[in-house]
Amino acid sequence: MKRLINNSLLFLFFGTFILFSCSEKKNKSGDDPKKVAVIISTLNNPWFVILGETAANQANALGYEANIFDSQNNTALETDHFENAIASGYDAILFNPTNADGSIVNVRIAKKAGVPVFCMDREVNATDAATSQILSDSYAGCVAIGKYFVEKLNKKGKYVEILGMVGDNNTWSRSKGFHSVVDYYPDLKMVAQQSADFDRNKAMEVMESILQVHPDINGVFCGNDGMAMGAYQALIAAGKDDQVMVFGFDGTEDVINSIQQKKILATGMQFPLLIAKTAAIYADQYFKGKRDFAQKVPITVEMVNQENVHEYVAYGGDE
Amino acid sequence: MSKRIKNIVGALIAGIVIYNSIYFRPLDEKLAEEEVVVFDVLNFVDKMWDADLLTTYDSATDFTILLNLLVNEPNLAFEKEAQALGIGNIGYFKVQGEGIVLSVNENNVLIKVGDRIVEIETEFIFGNAVRDASGLIKINDYDETSDFNSISESINDKIRNEVVPPFKLKVAKGDRIVFKGAIELNNAHLNLDQPEVIPVSLQIVP
């Protein structure tokens, strides 16, 4: 009986300890500077490196400690980052999700712990989880690219679409925006559509494979600039870079340079500096008491092509 | 005795665990939660078109006045007249005016409005200009971004199928036309050389 009571008490003690230590923030003194966690889907992509670094730098400039965490496109690792951020006493999270559905639970964990989350570039499919979502208007950007695509191919020809990560809403916003234009033209035929996960090397392999089956294509639309560069590399290797028009999306430095050199035709300029700075500023406003943030804040995307590239810089600058 | 206490404690613990593990809810409540509500965009746009959209375009800014403001005070023009959903350089403007047809082309009709050449789009009716210039639709009113995007698609279909064809059948060089529509401009890269109007209303004036 005595052993039973002792064991029960021990169980109760440890159970309570585990229960209450899991999701509670560390108590901090009022004088400690606030901490901002910048959790990025992957730092294997220069666009996201710019996004993360800009967010962290802006948070620093506003007087906060900021650290960047790489989820490596892994939602489970992203969960670990969230749990660690909350347990370590971070006061806000600037977040670039790995998966529009899979990442919702992580945002809700933070919300439950009283930590505001500001999504950057990618959204989660919930409007009651994040404090605010600062998103590129990928759909409208790709409508503009689709229109330009149709004009440059003169409403006819064969083309390929290389998609991004299928779990990212941006992949489908971009594809739908593009198709909302191109599908009106029956003489424009999509001969292949395949995902390369936003990865340059995968896109090169995908393009190489597709060219073996469809050597006579006229255009390629890629869901991001990394894949556009990979596809372009494959076209060079096949001796078809002059024959096939390549279109990307992001506004990265290498594609802007390529457009200036009259190689790649166009891209959609997202503004990662603006997105990241806005997210950090929102966190600052939150710390100062603001709560009425718009759930979704679109950032307009602008098409950059060979005619207007001289007006733009990579990553859009601070516009 | 100790065995009885152990059994009672065990039963209590099991009872607590089971109680917290299962719950009963009315089936119709659960089914209602899982019901997917499909956004009927065609119906939505049909209703909105006559009741709200055309009405709001009746009060569009005169095109010549807007163009003069854009030339002389572009920042003021954007601040006062442009609609924009979020953050960025792009603004959408409601416009109305009249002009003389210079040419009827495969993709557009060029008209002279004052001393400017204006392009009435008849082929590339795409994008968010009409939706966003109206100021009627807000992104945060829609949980699904795809529903929000489908509104522009449906509006553009309506223009492509109902506004443009009867006009294009009859219009000829030299006609005087009255138009209402939307334009998209970029404040940081302002180009007023040949503004493109996505029309919501086109009339040939006899």
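Summary of computed values
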{"read-out": "A/B buried area, accessible surface, summed, 1.4 Å probe, Å²", "value": "2600"}
{"read-out": "Degrees separating the helix A:138-152 axis from the principal Cα axis of chain A, which is the longest one", "value": "10"}
{"read-out": "GNM result for chain A, Cα springs below 10 Å: residue of A:ILE50, A:ILE281, A:ILE236 fluctuating most strongly", "value": "A:ILE236"}
{"read-out": "Those residues of segment A:261-309 for which accessible area with every protein chain present is at least 30 Å² below the isolated value (1.4 Å probe)", "value": "A:LYS296, A:PRO298, A:THR300, A:GLU302"}
{"read-out": "Candidates B:LEU185, B:LEU70, B:LEU136, ranked by Gaussian network fluctuation over chain B, Cα under 10 Å, top entry", "value": "B:LEU136"}
{"read-out": "Percent carbon-and-sulfur accessible area, chain B, ignoring ligands, DNA and RNA, probe 1.4 Å", "value": "52"}
{"read-out": "Förster radius 60 Å - calculated FRET efficiency between B:LYS3 and B:LYS138, Cβ distance, rounded to 0.05", "value": "0.30"}
{"read-out": "Long pairs among A:LYS189/B:LYS158; A:LYS111/A:LYS202; A:LYS34/B:LYS138; A:LYS155/B:LYS47, criterion Cα-Cα beyond 31 Å", "value": "A:LYS111/A:LYS202; A:LYS34/B:LYS138; A:LYS155/B:LYS47"}
{"read-out": "Per residue accessible area in Å² of the protein assembly as shown, where ligands, DNA and RNA are left out and the probe is 1.4 Å", "value": "48"}
{"read-out": "Folded to 0 to 90 degrees: helix A:272-287 orientation relative to chain A principal axis, Cα", "value": "20"}
{"read-out": "Karplus 3J(HN,Hα) series, Hz, for segment B:164-175 with 6.51 cos²θ - 1.76 cosθ + 1.60 (x for Gly, Pro)", "value": "6, x, x, 5, 5, 5, 10, 5, 9, 4, x, 5"}
{"read-out": "Part-to-part distance (alpha-carbon centres) for segment A:112-158 and segment A:242-310, which is given in Å", "value": "10"}
{"read-out": "Which of B:THR64, A:THR300, A:PHE287, positive extreme of dipole for the protein assembly as shown (C-beta unit charges)", "value": "A:PHE287"}
{"read-out": "Prolate/oblate/rounded call for segment B:62-206, Cα gyration tensor, a/c under 1.5 rounded", "value": "oblate"}
{"read-out": "Helix A:169-182 vs. chain A, principal-axis angle (Cα, 0 to 90°, nearest 10)", "value": "20"}
{"read-out": "List B:GLU121, A:GLU311, ordered by accessible area with a 1.4 Å probe, largest first", "value": "A:GLU311, B:GLU121"}
{"read-out": "Exposure of A:LEU135 as accessible area (Å², to 10), given a probe of 1.4 Å and all protein chains", "value": "20"}
{"read-out": "Chain A: C-alpha gyration tensor shape, a/c 1.5 cut-off, then a/b vs b/c", "value": "prolate"}
{"read-out": "Listing of segment B:1-15 residues, each with accessible area lower by at least 20 Å² in the full protein assembly than in the chain alone (probe 1.4 Å)", "value": "B:ILE5, B:LYS6, B:VAL9"}
{"read-out": "Buried on assembly, segment B:77-113 (at least 40 Å² less accessible surface than by itself, 1.4 Å probe)", "value": "B:ILE87, B:ASN89, B:ILE90"}
{"read-out": "Residue mean of other protein chain beta carbons inside 10 Å, B:188-195", "value": "2"}
{"read-out": "Listed residues B:GLY15, B:ILE155, B:GLY181: farthest to the positive end of the dipole of chain B (Cβ charges)", "value": "B:GLY15"}
{"read-out": "With all protein chains modelled, accessible area of B:ILE13 [1.4 Å, Å²]", "value": "100"}
{"read-out": "Surface share of carbon and sulfur [accessible, 1.4 angstrom probe, percent] for chain A", "value": "52"}
{"read-out": "Antiparallel DSSP beta bridges within chain B, as percent of all bridges there, nearest 5", "value": "90"}
{"read-out": "Gyration tensor verdict on segment A:141-259 (Cα atoms; rounded if a/c is under 1.5, prolate if a/b is larger than b/c, oblate otherwise)", "value": "rounded"}
{"read-out": "DSSP-defined beta bridges in the protein assembly as shown - what % are antiparallel, rounded to 5", "value": "45"}
{"read-out": "Candidates B:GLY127, B:GLY15, B:GLY99: whichever shows maximal mean-square fluctuation once chain B is modelled as a Gaussian network with Cα springs under 10 Å", "value": "B:GLY15"}
{"read-out": "Phi to ³J(HN,Hα) by Karplus 6.51 cos²θ - 1.76 cosθ + 1.60 over segment A:33-48, Hz, x for Gly, Pro", "value": "x, 6, 10, 10, 9, 10, 9, 10, 4, 7, 9, 8, 10, x, 4, 6"}
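The values are calculated or read from the model by the stated rules, or taken from the named source; none is laboratory data. Just so we're clear, the structure is a prediction, and the values are computed from it rather than from any experiment. Positions of Cβ are backbone-derived with ideal geometry, glycine not excepted, and every protein chain shown enters the neighbour counts. In case anyone asks, the SASA skips ligands and DNA or RNA and just uses the protein heavy atoms, side chains included. Shrake-Rupley method; radii C 1.70, N 1.55, O 1.52, S 1.80 Å.
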